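Below is one structure, written out as structure tokens; comments come after it.
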Amino acid sequence: MKITISVLKADVGSIGGHLKPSQALFEEIKNFVASHGKNKLIDYYISSTGDDVAILCTHTGGVGNREIHQLAWEAFLAGTEVAKKSGLYGAGQDLLKDAFSGNVRGLGPAVAEMEFEERPNEPFIFFAADKTDPGAYNLPFYLAFADPMYCSGLILSPKMSQGFRFRIIDVSYTEKNKIIDLNTPEDLYDLAVLLRDTEKYVIESIYSRSSGAQAVAISTQRLHNIAGKYTGKDDPVAIVRVQGEFPATGEILAPFSIGHYVAGFMRGSHIGPLMPCKLNTTISYFDGPPVVTGAAFSIKEGKLTEPVDVFAHPFWDTVRDEVSRKAMEIRKQGFCGPSMLPFSELEYGGVVEKLNQLEKRFRLVD
Ligand code: F6R
Ligand code: MG
Ligand code: MG
């Protein structure tokens with residue numbers, strides 16, 4: 001049976017700054033999806049990560065389906081109304097356009113979707129990250145799908161030894177979707193050349209080379225490309241099918257133990273370590289640290305099991321301690337050097353305005 005998993009995610013308001021959506025907002029979105037999705041969805045799961053609410057749903061309508069996108073858009077609008085009424089911060093923040101035009105891509109919400117022939121048993125992980133951007137997934141998914149140091153299946157499983165096809169998108173190019181497909185293992189070094197630049201080249205999807213089946217879909221929207229100004233970081237979501245011809249769940253999770261440095265953190269303008277957190281985790285220190293949550297599911301004919309919180313295991317407590325240390329370490333140097341993003345990536349215009357004023361005061365002397 002062909003199934004589509006769609007994840008649509010937006011920040012439409014939160015309590016106490018950019019920390020967490022309110023229970024009332026969350027319930028409004030959930031109730032909206034429950035009542036309006038009745039004849040459109042097979043199943044759904046609503047969750048929050050930091051200040052974002054994600055609608056994960058299963059259906060048979062394929063990717064980019066108008067009805068599904070409209071349902072999510074209207075659910076986020078309903079949530080925005082609750083946010084406005086209760087004075088939540090940043091009400092409607094990610095709904096950048098006034099009218100729905102058939103698809104939420106380009107309107108603000110993040111989207112990751114995948115249509116596939118459901119296997120007899122079909123496990124997958126849904127990841128959501130806050131206070132960072134889609135490039136945050138470059139390193140963990142490179143390691144999980146292309147490096148036998150992290151993914152033992154690449155040398156142990158005949159199904160995986162043919163490697164994977166990575167589709168990379170240049171997110172700085174806004175006229176059209178500018179993409180390239182690279183095959184591992186033979187294109188490994190070329191892949192590394194692109195993936196090192198996390199603000200420009202981003203993994204959009206990954207496919208098994210033995211079966212051709214899609215393993216990964218990542219949201220690759222860049223909000224400031226849509227709005228032309230700061231509107232918040234892009235806070236990416238991802239769907240990852242696991243086991244069999246794909247890496248095992250634990251192989252996908254392993255690279256997240258690094259707590260690698262990503263773009264985002266305070267004002268979307270810094271570098272901070274990505275902390276793997278429990279589901280529905282809020283935001284705190286320096287509007288961060290950047291967080292990622294993971295919910296693992298199995299599905300049968302599109303019907304979801306209950307989620308397993310992949311980062312709730314005690315193992316991740318030690319990782320979180322280490323990531324906290326890394327966060328405090330880089331924060332010790334404040335604005336200086338690599339702790340803050342380059343001008344092109346700053347999400348607020350203040351520094352650039354200041355520089356323009358200061359430029360006039362520079363003098364040329366012998
Ligand atoms: C980052 C983020 C926050 C805000 C910061 C200031 O993605 O959402 O760090 O940038 O709290 O917010 P404003 O400008 O809304 O006062
Ligand atoms: Mg926000
Ligand atoms: Mg957010």
Revision key, fill the gap. Expected vector for the stretch 71-84, Karplus 3J(HN,Hα) from phi with 6.51, -1.76, 1.60 and θ = phi - 60°, integer Hz, x for Gly and Pro, equals 4, 5, 4, 5, 5, 5, 5, 4, x, 4, 4, 5, 4, 5
Review point. For the chain, which semi-axes, largest first and in whole Å, follow from the square roots of 5 times the eigenvalues of its Cα gyration tensor?
Key: 31, 27, 20
Exercise for review: Before rounding to the nearest 500, sum -39500 (n - 2.57) across all DSSP H runs of length at least 4 in the chain and divide by the residue total; then give [θ] at 222 nm in deg cm²/dmol.
Suggested key: -7500 deg cm²/dmol
Check your understanding: Summing Lys, Arg as +1 and Asp, Glu as -1, what charge do residues with Cβ under 9 Å from the Cβ of residue 64 carry, residue 64 excluded?
Key -> +1
Check your understanding: At what distance in nm do the modelled label points of residue 86 and residue 356 sit from each other, each positioned 7 Å from its Cα along Cα→Cβ?
Key -> 3.9
**Study point:** Sites residue 193 and residue 335 - FRET efficiency at Förster radius 25 Å, r taken between beta-carbons, to 0.05
**Key:** 0.25
Review point. Can you work out ³J(HN,Hα) from phi for every residue in the stretch 150-159, in order, using Karplus 6.51 cos²θ - 1.76 cosθ + 1.60 and θ = phi - 60°, giving whole Hz and x for Gly and Pro?
Key: 10, 10, 5, x, 5, 10, 9, 9, x, 5
**Study point:** the stretch 74-155, dipole about Cα centre (Lys/Arg Cβ +1, Asp/Glu Cβ -1), debye to the nearest 20
**Key:** 360
Review point. What list do you get for 156, 364 if you sort them by fewest beta carbons within 10 Å?
Key: 364, 156
**Study point:** Karplus-derived HN-Hα couplings along the stretch 349-366 (A = 6.51, B = -1.76, C = 1.60, θ = phi - 60°), whole Hz, x at Gly and Pro
**Key:** x, x, 5, 5, 4, 4, 4, 4, 5, 5, 3, 5, 8, 5, 10, 9, 10, 6
Study note, to complete from the structure: The longest stretch of the chain containing none of the GluC sites (Glu not before Pro) that sit in a DSSP loop with at most 12 other Cβ atoms within 10 Å is 1-174
Revision key, fill the gap. Of the candidates 44, 73, 125, the farthest towards the positive dipole end of the chain (Lys/Arg Cβ +1, Asp/Glu Cβ -1, centred on the Cα centre) is 73
Review point. Counting only residues 5 or more places away or on other chains, whose amide H sits under 5 Å from the amide H of residue 280 once H atoms are built in the peptide plane?
Key: 48
Review point. What whole number of Å gives the distance from the Cα centroid of the stretch 16-49 to the Cα centroid of the stretch 87-140?
Key: 14
**Study point:** Positive-end residue, the stretch 296-363 charge dipole about Cα centroid, Cβ charges, pick of 318, 337, 299
**Key:** 337
Exercise for review: Just tell me which lysines come within less than 19 Å, Cα to Cα, of residue 200; anything on the same chain fewer than 8 places away is out.
Suggested key: 131, 176, 178, 229, 233
Review point. What is the order of 59, 260, 270, 69, fewest Cβ neighbours within 10 Å to most?
Key: 260, 59, 69, 270
Study note, to complete from the structure: Listing 141, 362, 315 by rising number of other beta-carbon atoms within 10 angstrom, fewest first, gives 362, 315, 141
Check your understanding: DSSP beta bridges in the stretch 123-298, what fraction antiparallel, as a percent rounded to 5?
Key -> 90
**Study point:** Added length on full extension, which subtracts the Cα-Cα distance from 0.36 nm per residue, residue 101 to residue 305
**Key:** 70.2 nm
Review point. Taking the inverse of the average 1/r across all pairs of different Cα atoms in the stretch 123-298, what Kirkwood radius in Å do you get?
Key: 16.3
Check your understanding: With charges only on Cβ, +1 for K and R and -1 for D and E, what is the dipole size of the stretch 123-298 about its Cα centre, in debye, rounded to 20?
Key -> 280
Point to revise | Estimated inter-spin distance, residue 162 and residue 177, nm [label 7 Å along Cα→Cβ] | key: 2.3
Review point. Under 5 Å between amide H atoms, partner at least 5 residues away or on a different chain: which partners does residue 215 have, H built in plane at 1.01 Å?
Key: 206, 207, 208
Practice item. Quick one: go through the stretch 1-16 and flag any residue whose amide nitrogen is under 20 Å from the point 7 Å out along the Cα-to-Cβ line of residue 117. Key: 1-5
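No value in this document is a laboratory result; all are computed from the given coordinates. It should be emphasised that the depicted structure is a prediction, and the values quoted were computed from it without experimental measurement. Note that each Cβ is placed from the backbone with ideal geometry, even for glycine, and that neighbours are counted across all protein chains shown.
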